[in-house]
1. Is there a residue being of a type in the set (Phe, Trp, Tyr), open to solvent by 40 Å² or more (accessible area, probe 1.4 Å) and farther than 25 Å from Ser25 by Cα anywhere in segment 90-99?
2. Grab the strands (runs of 3 or more DSSP E) fully contained in the chain, keeping just those with 2 or more residues being under 11 Å from the mean Cα position of the chain (by Cα).
3. Filter segment 9-29 down to the residues that are at pLDDT below 95, of a type in the set (Ser, Thr, Tyr) and open to solvent by 60 Å² or more (accessible area, probe 1.4 Å) and list them by number.
4. So which of Arg38, Arg45 is surrounded by fewer than 21 Cβ atoms within 10 Å (Cβ to Cβ) and in contact with a strand residue (DSSP E or B) (Cβ under 6 Å, 6 or more places away or on another chain)?
Amino acid sequence: QVQLVESGGGLVQAGGSLRLACAASGRTFSSYAMGWFRQAPGKEREFVARISSSGGTTYYADSVKGRFTISRDNAKNTVYLQMNSLKFEDTAVYYCAAARRTTPSKFDYWGQGTQVTVSS
């Protein structure tokens, strides 16, 4: 069982940067793969990025490759999403999620989300 709390969202101009953080509770954080998802108004939730439990493997949606970077600090029980060169299309509520190592594609735990708004 893990609780996730996102932070770092806000309003930025196109071309700017934001770093989101997801703080996790629990002593088994290092055993979870972590992911970031987002949902824009009127659209379904979409995958953004994921990182393996050790941090050794990352994967990104094509829409954010080269602009976003996911990372984690297991000592701090925190996963990050560095977002650069932000576009208006990146505007969404961003959610952090966790998956057990045994079922890395099944995200069982979700945060409440943090709003990212990019002005054009």
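1. So the first thing to find is which residues in segment 90-99 are of a type in the set (Phe, Trp, Tyr), and the list is 94-95.
Filter again for open to solvent by 40 Å² or more (accessible area, probe 1.4 Å), leaving 95.
Next cut, farther than 25 Å from Ser25 by Cα only: none.
Within segment 90-99 (the criterion being of a type in the set (Phe, Trp, Tyr), open to solvent by 40 Å² or more (accessible area, probe 1.4 Å) and farther than 25 Å from Ser25 by Cα), the answer is no, since none of the residues qualifies.
2. Values: elements: 4-7, 10-13, 18-24, 32-39, 46-51, 58-60, 68-73, 78-83, 92-100, 107-110, 114-119.
Output list reads 4-7, 18-24, 32-39, 46-51, 68-73, 78-83, 92-100.
3. Matches in segment 9-29: Thr28 only.
4. Values: Arg38 fails: surrounded by fewer than 21 Cβ atoms within 10 Å (Cβ to Cβ).
Going through Arg38, Arg45 in turn, the sole match is Arg45.
The values are calculated or read from the model by the stated rules, or taken from the named source; none is laboratory data. Model, not experiment: these values are computed from the prediction. Please note: Cβ atoms are built from the backbone with ideal geometry, for glycine as well, and neighbour counts cover all protein chains shown. Ligands, DNA and RNA are stripped out before the accessible areas are found, and what is left, the full protein with its side chains, is counted by its heavy atoms. Shrake-Rupley method; radii C 1.70, N 1.55, O 1.52, S 1.80 Å.
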